[in-house]
1. Considering only segment 50-68, state which residues are closer than 10 Å to residue 5 by Cα and either surrounded by 15 or more Cβ atoms within 10 Å (Cβ to Cβ) or among the charged types (D, E, K, R) (or both).
2. Can you tell me which residue is farthest from residue 142 (Cα to Cα) among those in segment 52-66 that are under 25 Å from the mean Cα position of the chain (by Cα) and modelled with pLDDT of 90 or more?
3. I'm checking my understanding of the structure. Among residues of segment 505-523 that are open to solvent by 50 Å² or more (accessible area, probe 1.4 Å) and of a type in the set (Asp, Glu), which one is modelled with the highest pLDDT?
4. Does residue 485 meet the test of being closer than 30 Å to residue 342 by Cα and acidic (Asp, Glu)?
5. Restricting attention to segment 240-283, which residues are without any contact (Cβ under 8 Å) to a residue 60 or more places away in the chain, within 28 Å of residue 6 (Cβ to Cβ) and in contact with a Lys or Arg (Cβ under 8 Å, 6 or more places away or on another chain)?
6. Only one of these is open to solvent by 40 Å² or more (accessible area, probe 1.4 Å), under 33 Å from the mean Cα position of the chain (by Cα) and not polar (S, T, N, Q): 355, 371, 382. Name it.
7. Go through 202, 186 for me and flag whichever is aliphatic (A, V, I, L, M), in contact (Cβ under 8 Å) with a residue 40 or more places away in the chain and under 28 Å from residue 44 (Cα atoms).
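The values are calculated or read from the model by the stated rules, or taken from the named source; none is laboratory data. Owing to the predicted nature of the structure, the values given are computational and were not obtained by experimental measurement. Using ideal geometry, Cβ is built from the backbone for each residue, glycine included, and neighbour counts are taken over all protein chains shown. These accessible areas exclude ligands, DNA and RNA; they are computed on the full protein's heavy atoms, side chains included. Shrake-Rupley method; radii C 1.70, N 1.55, O 1.52, S 1.80 Å.
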Amino acid sequence: MISVDNISVAFSGSTLFSNINFNINVNDRIALMGKNGAGKSTLLKIIANELKPTIGKISAPSDAVIAYLPQHLLSKDDSTLFEETSKAFGNILGMKKEMDELNHQLETRTDYESDEYMKIIEKVTSLSEKFYAIEDINYDAEVEQTLLGLGFLREDFKRPTKEFSGGWRMRVELAKILLQKPDLILLDEPTNHLDIESIQWLEDFLINTAKAVIVISHDKAFVDHVTNRTIEVTMGRIYDYKVTYTEYLQLRKERREQQQKAFDEQQKMIADNQQFIERFKGTYSKTHQVQSRVKMLEKLDIVQVDEVDNSALNLRFPPAPRSGSYPVIISQLTKKYDEHVVFNNADLTIERGEKVAFVGKNGEGKSTMIKAIMGEIDFEGKLEKTHNVQIGYFAQNQASLLDESLTVFDTIDNIAVGDIRRKINDLLGAFMFGGDDSAKKVKVLSGGEKTRLAMIKLLLEPVNLLILDEPTNHLDIKTKDILKDALKAFDGTLILVSHDRDFLDGLASKIFEFGNKRVKEHFEDINGFLKTKKMENLKEIEAK
């Protein structure tokens with residue numbers, strides 16, 4: 001069992017949370033929830049020993065292994081795939097290296113009676129007890145087996161990690177976690193860089209293999225499938241529910257209703273007593289009662305109602321100018337990079353007003369197809385965009401195109417027209433740029449903040465073909481819901497690349513699947529597609 005004991009964190013005199021206590025047991029799969037800025041990632045880093053709390057500690061058995069998967073992966077790209085994955089055994093291999101060095105000193109030194117020589121013997125003895133207690137492992141074989149099991153090919157082993165896409169880098173980190181056989185896995189937004197099949201693999205691993213898990217995620221479907229306990233961080237404290245995320249939402253609603261009722265009753269009681277005090281404060285016969293009520297009110301603990309974000313924005317895209325009946329018609333399209341074929345003879349027709357999703361494994365050509373539609377790459381075959389097609393494009397690197405010298409507010413104010421100009425602050429607030437944040441310069445924003453700002457810009461441009469490549473990676477659940485509602489009401493054509501099933505559900509009515517150098521059309525929504533895919537790929541998964 002691992003325990004969080006009386007944890008408090010304060011930054012610059014402001015308390016993020018205080019006196020937090022909970023235990024993490026075997027088979028716990030915990031969703032760590034709360035609004036942005038509540039302290040979820042900070043708490044995860046403290047448990048991972050990446051940060052130190054202001055007060056309190058994490059208690060764990062001395063041999064407990066805690067593995068942490070942060071939002072941002074592989075900061076260095078100086079290793080091959082095999083070398084990077086082997087770092088999972090860094091502690092063990094480091095222990096072996098230190099033992100070898102100490103034994104070499106014992107063999108070469110002659111000061112047998114010295115205190116220093118005796119200390120080396122004691123150190124070697126201690127290390128040896130730990131090292132030889134570890135199960136004998138063929139490390140290279142373990143790494144190879146794990147990488148092949150996660151879908152890597154043997155020829156990938158010597159490739160530099162910098163050649164892999166975000167989803168495959170995530171698998172590298174997951175491979176390292178797998179090899180450590182941890183007692184607790186900490187995951188911060190693990191699905192941001194994963195395709196749908198990778199998410200399904202991760203769900204299966206966490207449910208059937210992991211000992212204990214704490215996950216922060218804005219992917220509602222993922223959280224519901226994986227977790228059996230929900231801890232909410234709010235207003236500096238936590239609420240611990242032994243239920244799934246969906247059940248927690250209902251219990252949280254009931255809790256806040258009870259708090260509000262108790263708060264209202266207390267406020268009425270305070271008002272009644274203050275009225276009594278005002279009425280009789282000069283009356284001699286009532287002096288004792290007045291003083292008694294004044295003291296009672298001074299000592300009263302005010303009922304706290306947990307914060308809830310009730311702000312709502314009925315966001316809508318501008319009306320879409322009318323385009324041709326088929327904005328995009330693709331015939332026999334082939335794209336190669338040297339000898340590598342991304343897709344071959346792809347046929348794809350999208351009708352005006354359709355909302356379609358591009359899905360498939362990372363590296364199978366989804367973003368490449370979008371680049372072809374945008375005219376950013378050359379290709380073989382035919383691609384036609386009919387008359388009056390006006391494209392709004394959100395790429396994964398869209399944030400890098402912002403003017404960093406502007407403030408957040410000016411970035412939007414410069415392009416907003418019509419009624420929306422009166423709602424710029426509401427719009428910024430909905431995308432987590434409320435208050436003083438709207439005055440920040442773009443250059444000081446994090447990558448996620450820049451992504452959200454780029455998304456707001458796109459929402460204000462009159463277009464009839466929206467192309468969105470992984471638009472939800474840095475959006476919280478509430479913001480995703482706002483965007484999803486806006487896309488549902490959009491009267492133009494939508495092409496959406498996303499691995500977020502909950503976001504796609506009820507939004508895309510047709511699926512184009514990219515895989516095996518082909519593009520396959522599915523006349524069904526994401527739920528029908530996933531059901532079909534699981535049946536189609538069962539043998540393939542077993543073979544892996």
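1. Matches in segment 50-68: 56, 57, 58.
2. Keep residues of segment 52-66 that are under 25 Å from the mean Cα position of the chain (by Cα), which gives 52-53, 58, 65-66.
Keeping just the survivors that are modelled with pLDDT of 90 or more gives 52-53, 58, 66.
Values: 52: 33, 53: 36, 58: 31, 66: 19 Å.
The selected residue is 53.
3. Narrowing segment 505-523 to residues open to solvent by 50 Å² or more (accessible area, probe 1.4 Å): 505-506, 509, 516-518, 520-521, 523.
Restricting the remaining residues to those that are of a type in the set (Asp, Glu) gives 505, 521.
Working: 505: 90, 521: 93.
Restricting to residues being open to solvent by 50 Å² or more (accessible area, probe 1.4 Å) and of a type in the set (Asp, Glu), the top hit is 521.
4. Numbers: closer than 30 Å to residue 342 by Cα: no; acidic (Asp, Glu): yes.
Spelling it out, it is not the case that residue 485 is closer than 30 Å to residue 342 by Cα and acidic (Asp, Glu).
5. Those that are without any contact (Cβ under 8 Å) to a residue 60 or more places away in the chain, within 28 Å of residue 6 (Cβ to Cβ) and in contact with a Lys or Arg (Cβ under 8 Å, 6 or more places away or on another chain): 241, 242, 243.
6. Numbers: 355 fails: open to solvent by 40 Å² or more (accessible area, probe 1.4 Å); 382 fails: under 33 Å from the mean Cα position of the chain (by Cα).
Answer to the check: 371.
7. Every option except 186 fails the conditions.
Table: residues versus (1) outside any helix (DSSP H, G or I); (2) farther than 14 Å from residue 473 by Cα.
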position: 169; (1), (2): no, yes
position: 172; (1), (2): no, yes
position: 187; (1), (2): yes, yes
position: 190; (1), (2): yes, no
position: 218; (1), (2): yes, no
